[in-house]
Amino acid sequence: MIDRKAFWIVILLVLATTAAALWRLSLLPDWHRLPLGLPGEHRSVSGYALFAEPAALLFVLVTPYLGKWTSQASEESRQAWRRWSSRLALFSAPILALAQAFLIARSLSLFSEADGRPVEKILMVLGGLLLVAVGNALPKMPWLSSRIRPLRLDPWQWNRQLRFVGKVTVGFGLFFALVGPFLPPESLRPAMLTLWVAAMAANIGYRIKVRREASPLS
């Protein structure tokens, strides 16, 4: 459910980032630990961190198609979602690829931790601003009816759900852009993962709540 140009750009970036991760792991004496910064700084993360960005790129690619296969709507609504998903892919994919390149460069001791912090902050701010833009745009998207009955929402339920998801996404983006750059590097990923899980749980809980409410028109 994204246009051909966006699809192939994301596919190429998935392949490139995955190949780069495998190449970097092949150079490590212990692929469980990925060194960061200059040799004397003694900082490292799990080698699995190299696959975070390829996984995120796959998520960006697959999610629109899951939405297409599990939903039914008019062609006009589908076109609106296709344009939105394509723009989101074209903005987010380069940011994720740059994050992967930055991580590999740090692991190769091309610059110190102190020199890399400004780049980390810029990437986090860009990612946060993208999430804010996504959160603001979501409530304006047209209704899609789910093919899966337990997931189906009426138009008024859909609108409320999207407004809630939009607010959560904006909050997540603001945290990412304003707080993330000041978190210690070792606690950044755990904090973001915790927030993401909390956001998903809140989304599911709100969807259940909305489905149980009576229509305001009844």
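The values are calculated or read from the model by the stated rules, or taken from the named source; none is laboratory data. These figures come from a predicted structure and were not determined experimentally. Because the Cβ atoms are built from the backbone with ideal geometry, glycine has one as well, and the counts that use them run over all protein chains shown.
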Which one is nearest to Trp31 (Cα to Cα) among residues in region 104-137 that are in a loop (DSSP other than H, G, I, E, B) and out of contact with any Gly (no Cβ under 6 Å at 6 or more places or on another chain)? Leu108
Members of region 51-77 that are of a type outside the set (Val, Ile, Thr) and touching a Leu at 6+ places or on another chain (Cβ under 8 Å): Glu53, Ala56, Leu57, Gly67, Ser71, Gln72, Ala73, Ser77
State yes or no: is Ala89 buried (at least 17 other Cβ atoms within 10 Å of the Cβ), in the same structural domain as Leu36 (by TED's automatic domain parsing) and modelled with pLDDT of 85 or more? yes
Counting only residues that are assigned to a helix (DSSP H, G or I), within 18 Å of the chain's Cα centre (by Cα) and within 23 Å of Glu120 (Cα to Cα), how many does region 153-186 have? 12
Which pairs turn up if I take residues in region 163-180 that are in the same structural domain as Ala202 (by TED's automatic domain parsing) and look for partners that are surrounded by fewer than 16 Cβ atoms within 10 Å (Cβ to Cβ) and polar (S, T, N, Q) with beta carbon separation below 8 Å, at least 6 apart in sequence or on another chain? Phe164/Asn203; Val165/Asn203; Gly166/Asn136; Val168/Asn203; Val170/Asn136
Would you check which residues across region 11-52 are farther than 19 Å from Phe111 by Cα and assigned to a loop (DSSP other than H, G, I, E, B) and list them? Pro29, Asp30, Trp31, His32
With respect to Lys121, is the statement that it is in the same structural domain as Glu213 (by TED's automatic domain parsing), charged (D, E, K, R), at pLDDT 90 or above and within 18 Å of the chain's Cα centre (by Cα) true? no
